[in-house]
Structures are given as structure tokens and as C-alpha cells.
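To keep things clear, I will list the structure first and then write my remarks on it.
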Amino acid sequence: MKKVALYVRVSTEDQVEGYSINEQVDKLTKYCEVKDWNVYDTYLDPGFSGSNINRPGLTNLIKDVERKKVDTVLIYKLDRLSRSQKDTLYLIEEIFIANDIDFVSLNENFDTSTPFGKAMIGILSVFAQLEREQITERMQMGKVGRAKSGKAMSWANPPFGYQYVEGELIIDEYEASIVKRIFNEYLGGKSITKIRDDLVNEGINGKKKPFSYRSVSFILKNVLYTGQQRFKDKVYPGNHKAIISEELFDTTQKELAVRQKAAYATNNNPRPFQAKYILSGIARCGYCGAPMESVLGNIRKDGTRLKKYQCYNRHPRKSRPTVYNNGKKCDSGFYHMSDLEKEVLNKISELQVNPKAIQSKDSETNDNDQNILLTRLKAIEKNIKKLADLYYADMIDLSAMKSRSAELQQERKTIEGQLNKTDINKDVNKAVEVINGMDKPISEMEYEEQKVIVNNLIDKVDITQEEILINWRF
């Protein structure tokens, strides 16, 4: 005998039109008696709109469906489930059918266990797609209107240099001074990497975290700092005040283009790896986590110099504040550069001899857990974007949007931390491609070639006196 869940919803307007709770329950119960079905439970949502699926009765129903406590869901009419074609299709396909639950609507004679019911799902999907496209079109029109009116578009994460106050972008004077410094230093000849390093070494953070190459680059390319804003590759006047002049911004864009072309011409690579030594930028102290820096010893009798690596925190200076190891000096020693490079190149040689080792290293991680985290992260990003869309279209107020967004942002931060711990961004296919593309042993390659190979395969090398731990990119 089937175990049936009865779902009943009624809003105030529906009550007037004759869709009362008692009438629906009575008709559904009698239908079950005729069919000789057993009613497991009745899930009620009195006074709730069908415009969304955030209803207590429906939530409890979904939980019991997922726990397989019922095998059929029965409703009086399709619009009792939802007035949205998109939500109706989601509930039928992603909740009921996904859990092997039959769905029956009494009024439309709709039954997913029958061929006709399955065909109706296809028809519903067509209308759901139409509904999605119409909503998207309205959202886009709302965004364009917002941009044209000069309203702020970055409600959740205001760019560095501004704070979001009551719907408007207001200049943060301290952060604005850093923005001006970044533009001026870049035009003064400093590289993005050098600017980032200086800011990090001085303990100056971006939005709640240290500056990265990407965040500095983003500032240099963001037209918002001129008092304008970009949406869909179009620039509109903004209501916020400018931090830099349009002339300074335009000059910076030209300089960015010139340097990018120069880098491409030198390396045939739009994002070249230009480290001086093989482990530059990837060697890291295994004791305190600080970067390793290269140092030169005294000139020897044969005219050469001994090259070494040492922890950045080994000899902190006032001109270079310690930002690692909780501000404490690191007592690690120094390491001969040739020994470290030889060890790393030997590890890559082993991969050349046995490329299958790449797959075995990757299999050490729990792919299933990673996929679960990634799926949830995508869902969070989608929900955050949906909140923004709803706000731009004036479908929710600012307080509701900010409250829910804060919850999603916190969950995203937690998941990203878990993902970083499991190295889910490693690319096995690229590693295999790099290894297979090496036409000779890495030990026989030129030094510049070795640097490129190492950078493509290795993320970081953690070094202590006891061991060298390689963190691969796969």
C-alpha cells in the first residue's frame, strides 16, 4: 500500500476563492480512500504565498521525502505547490523524482508515474525556461537602469578605497591614500609584484586580507576610482566621488598595455615567469611559513660566489618589518641553493621516468569530499548573485539582502578554507601535459627551461633542515 503525503497550501486570497484548507484535505483524503492509499501525514501551509518555496510545511515535506518516509506526494492543484513554473519543475525533478517519489495533482490528473505525466514534465520545463528568461531580462533591465542612474553596483563587497553606506559608495580616506599610492608607484616604474611585496611587508592589508598580485592588478584596472562604473563593458557616470583623475587612470592603462606587450615579446607568454633562480617565489620556510630569499656569499678563489637560500625572517630589519611567524624572528639556518635545486630537479626526473606517479599523488586526496564542497560553493555563488539580482530589481529590501548575504559569505569563506586545505585546484592534466612535452631529461635542459618546468609543476617548496616537502600543482 502506498504511503502518501498530502500537501495543502492556501493564501488569504485563495481562501476567498474556495481553496480552504479543510476542503483540500477532505478531497485529497477521499481520493486516497478510493485508491486504497495510506495517508502518512498532511503538510499544511496556511496563509503562505506560492511565489516562493520557503514555507514551513513544504520544508518538512521535503525533509521526509529525502528520508524516504513516503513514496507519493498528493496535492489538490499544481499551483498549490508553487505559482512559479521554475519552482514547480525544481520540486518535481530535483526533489520528488530524484528520490523516486511519485507526484500526483488531483485537479489536473497529473501523475509522474504515467507516460502522460512524464510528458507534462517536458511541457513544464519549456514554460519554466520561458519564465527564467523573462526574469533574467527584467533583472538585466534593472541592472542597466541602476548603472545609468549612477547607483553603486558593488553592494556586497565594496572595492578597496570605499565603504558602502546606506546604498552609496563613500570614500575611505585611509584606503583611498593606498589606492593613490598604488597608481603613482606603478607609473613611477614599480612592478605589480614589487608594489604587492612592499604593501605586505609594511603590514598593509586589502579588504580583510593581505594584498595579492591579483588585487593590486584589479585596482589598477578599475575605472570606478575615476568616479565612474562599468557594467556589461560600458562605462557610466557614478554618483560616488573619484579617488584618482581620469587622466591618471588612462595613462595607467596605456602603461599596463606596454608592459604586457614587452613581457609577451620577451617570453612569448602573456603571464611570464621571470624568477631569477629556479626556486625564486616558491621556496618557503618549513618552520615559520615565510618566503625564502636568495643571498650571495663571498667571492671564492675561483671567482664564483656561493648562492644560498635563507628564511625571510632570519634577519628581520626595521626597514622590512616581520609579517610572518607572529612577528617573531625565525631561527632557521641557510641552505645551499645548488643542493635544493638538485633535490627538486631529481623529484621531477622521477616523474619523467614514471608519469603515472602523477595520478597516484592526485588520488591521495578525497575527490568525493572535494566535489561535495565545490558543488556547495557553486550553489552559494548562485544564491549570492540571485540576491543581487533581486535587489537590483527592487524585489527585496536592502536589510534582507545584506542579512542573507552575510550568512552566505560566511559559509563561502568556511568552504574556501576547507578547499584550500585539500589542494582541490591542482591540475593533473596540465602536469601530465608538461611531463609528456619534455623531450629530454630535465637535468640536461638549460637553466631557463628548468625554471619554467619547475614553475608549471610546483606550487611551493617547504624547506627545513630535516626535509624538503614539495607541494605540487596536481
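The values are calculated or read from the model by the stated rules, or taken from the named source; none is laboratory data. These numbers come from a predicted model, not from an experiment. Note: ideal-geometry Cβ built from the backbone for every residue, glycine included; neighbour counts use all protein chains shown.
Out of curiosity, is residue 23 among the charged types (D, E, K, R), over 30 Å from residue 386 (Cβ atoms) and at pLDDT below 85? For residue 23, the condition - among the charged types (D, E, K, R), over 30 Å from residue 386 (Cβ atoms) and at pLDDT below 85 - is not met. Across the stretch 431-474, which residue is nearest to residue 339 (Cα to Cα) among those that are without any contact (Cβ under 8 Å) to a residue 24 or more places away in the chain and crowded, with 16+ Cβ neighbours inside 10 Å? If we take residues in the stretch 431-474 being without any contact (Cβ under 8 Å) to a residue 24 or more places away in the chain and crowded, with 16+ Cβ neighbours inside 10 Å, then 445 is nearest to residue 339 (Cα to Cα). Summed over the stretch 199-235, the residues that are over 25 Å from the mean Cα position of the chain (by Cα) and modelled with pLDDT under 90 give a count of 6.
Residues checked against (1) farther than 19 Å from residue 82 by Cβ; (2) over 40 Å from the mean Cα position of the chain (by Cα); (3) in contact (Cβ under 8 Å) with a residue 40 or more places away in the chain; (4) loosely packed, with under 13 Cβ neighbours inside 10 Å:
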| position | (1), (2), (3), (4) |
| --- | --- |
| 24 | no, yes, yes, no |
| 40 | yes, yes, no, no |
| 48 | no, no, no, no |
| 53 | no, no, no, no |
| 56 | no, no, no, yes |
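Inclusion of residue 391 among residues that are modelled with pLDDT under 75, aromatic (Phe, Trp, Tyr) and not in a loop (DSSP other than H, G, I, E, B) is warranted.
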